[in-house]
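The values are calculated or read from the model by the stated rules, or taken from the named source; none is laboratory data. Source: prediction; values computed, not measured. Note that we place each Cβ from the backbone using ideal geometry, even for glycine, and neighbour counts take in every protein chain shown. Remember, those area values only see protein heavy atoms, side chains included, never the ligands or the DNA or RNA. Shrake-Rupley method; radii C 1.70, N 1.55, O 1.52, S 1.80 Å.
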Amino acid sequence: MKANKAEEDGRDEEDEESNTDSDASELGQEGRAKEDELDDEEAEEEEDEEHEEGDEATDKDEDTEADDAEDDAPSESSAEDAKEDEDEAEDDGAGSDRDELESWADNAEEAPTQAYLDSLKRMVGDVDLGFAYPSDDASRAKADLVRVMGIATKVSLGLGGPLAIHTMQVLLAVLRNNVKVADPVIFEAALSNIRSIFMAPKRFFGSFVSVDELFQILGDIQSYCRKMERSLTNPKGKGNKNENNEKAKMGALVRRRLGLVKNTALSALHYIGFLAYKNGASDDIRIAIEEHYMAIFFDKGWSEKRSFMQVKRDMFHFRHAFAWVFVPAVIEKLRRVQALSGALRAKTFAGACKLISSFLPRTSGLPTPLKKSVGRAIGEFLVILSPKEVYEMKHTAVYDLAFLVKMVVDFNGKLELNTQPLINIVNAIVDDDDIQVSKATVRKLGAIEQVLGLTLRAINTKPTVPVKVLYQQFDAKWRKDKVDFYRKVKGARRKTIKKLLAKRGNEATDEERAKKRRRREDLKAKDQVERAMMREERHANMTKEQKADRRKLMTMAKQERIAKNKERKRRLHEIRQKSFLRWREAKLAEDD
């Protein structure tokens, strides 16, 4: 019985184990089935996404089925797996590029959204994104003219030769005709093209224009340079205040432009002289340029401030032209006006001294023949007028002569001039007591004597006068009388205008003001008398002790005033002493 029972228990346990094994197998099958279903769902979702993005459905389905089959099937060799991975990567890259192109094409056809426009406005600022530049038909002619000038300038610079001179002549005419035009486009374009011609690297053409072709541009330059600024505009005019302001502004603009035209024309003349020398021009061309330059230099329309600054700038670029034609032209002009006893002779002499003094440092880069010709010209210039004639012509011109001699002595190593004429000039100024000179002139003469190795007589023996005395040479009594007359007239006119304004504004007249002033003075005198009587009465009622205390207070106040005055005078004395010491140190430094 016990054996049978044991056998039955063993069979039951085997049945339970088999049941559990079967249940486990069923659960495993169900899990695998669920996993397969999930994989299928994921594959379907991926396929849907790929269809939406525009991928090739067939390739993706095959890849997905292959991936699923590889998950269920046993793995193959590593070489085959690597090859398949490379193929899949290439397919994915090609597919992604095609997706980007298709998506860009779709977006390009779509209009920008309002959110995109708002964000763009915030990024670039508050601007109108739909703005379109209008077609400006009115300015088309100006734009065409500017373009034509640029093309002509480039062509003339490219071809070289005399064409650059003719182009510059036309551009100067355009520049002069647009002086009064409000729009500065054409004026600035012409000025820029002329300056580009000046800076062109091509300056040697092998030949030069003839004299007949050069006369036209030389005449134009002469007319431009001799034009007076005040002849173009009259800023004062009838009209309201705004109109007068506009006229004044336009007049200032026109005068400034005319100054630019004159300086540009003067530079054009210097450039033509430079080209003439570089291209071996004949003496006829040199004489023509010299004659026109004499009519311009320190003559009508010449601005000593602006024109001479332009000359000094051109000396650096066109120094060969100055040595060849312009310095001899200036000296020849002084020789022609030597007999005149007027302002033109003094202006020409002062301008020639300035030009030669400024040109001497530029002789370093010149060839030897030009250096010798410049030296001969300067030697001739120094003997045209004697120091006595220079002093009688203008008292302050002696300093210009001394400054020029000092510059010639400093740069004589390049020019190799004979120093005896320079010594004669210094001795003539020092020995002649009728020639009055300033301290600055004496310092220049002393420096010349020191460089030449002469005895220092100028600083030790030559008396000096203030510069104010030298400038009184041309003072006339009629000038002072004229000033006094117009001062009185202006005072009377001012009083008349004041009366009229007072009458219009219901203010007091001059008679009423005078009456009020006299009444105020009478009241003031009466008040002073009353105050004096009150002081006497108050003093009479004081006791002896009060009078002594008051006397002490008055004495203390007087001593304080005396002390303050002494301190103020002491401070003033210290300030004056320090100022004098500074002045003395400065003068000693100048003398050294």
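Summary table
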quantity	calculated
Estimated FRET transfer efficiency (Lys564, Ala492; beta-carbon r; R0 41 Å; 0.05)	0.35
Of Lys495/Lys516; Lys444/Lys587; Lys300/Lys482, pairs whose Cα-Cα distance is over 20 Å	Lys300/Lys482
Descending principal axes extents, region 338-473, alpha-carbon based, whole Å	45, 36, 20
Neighbour-limited loop hits for chymotrypsin sites (Phe, Trp or Tyr not before Pro), region 162-209 (at most 13 other Cβ within 10 Å; DSSP other than H, G, I, E, B)	Phe204
Largest-first principal axis extents, alpha carbons of region 361-439, Å	42, 20, 19
Those lysines that a straight Cα-Cα span of less than 23 Å connects to Lys552, excepting residues fewer than 8 apart in one chain	Lys544, Lys564, Lys566
Cα-Cα pairs of region 347-397 separated by more than 18 Å (percent)	37
For region 146-195, alpha-carbon Rg relative to the globular expectation (2.2 N^0.38 Å, N residues)	1.11
Extent along principal axes [Cα atoms of region 138-293; Å; largest to smallest]	60, 37, 22
Within region 251-305, trypsin sites (Lys or Arg not before Pro) in DSSP loop having at most 16 other beta-carbon neighbours inside 10 Å	Lys300, Lys305
Region 320-412 - convex hull of the alpha-carbon atoms, volume per residue in Å³	80
At 0.692 mPa s and 37 °C, Stokes diffusion of region 277-318 via Kirkwood alpha-carbon radius, µm² per second	278
Nearest-0.05 FRET efficiency for Arg479 and Ser364, computed from C-beta distance (R0 51 Å)	0.65
Reference-scaled alpha-carbon Rg (2.2 N^0.38 Å with N residues) for region 221-346	1.28
P(r) histogram, all alpha-carbon pairs of region 464-592 included - 5 Å bins from 0, percent	2, 7, 5, 6, 7, 7, 8, 9, 11, 12, 11, 8, 5, 3, 1, 0
Heavy-atom accessible surface of region 434-511: percent carbon and sulfur, 1.4 Å	56
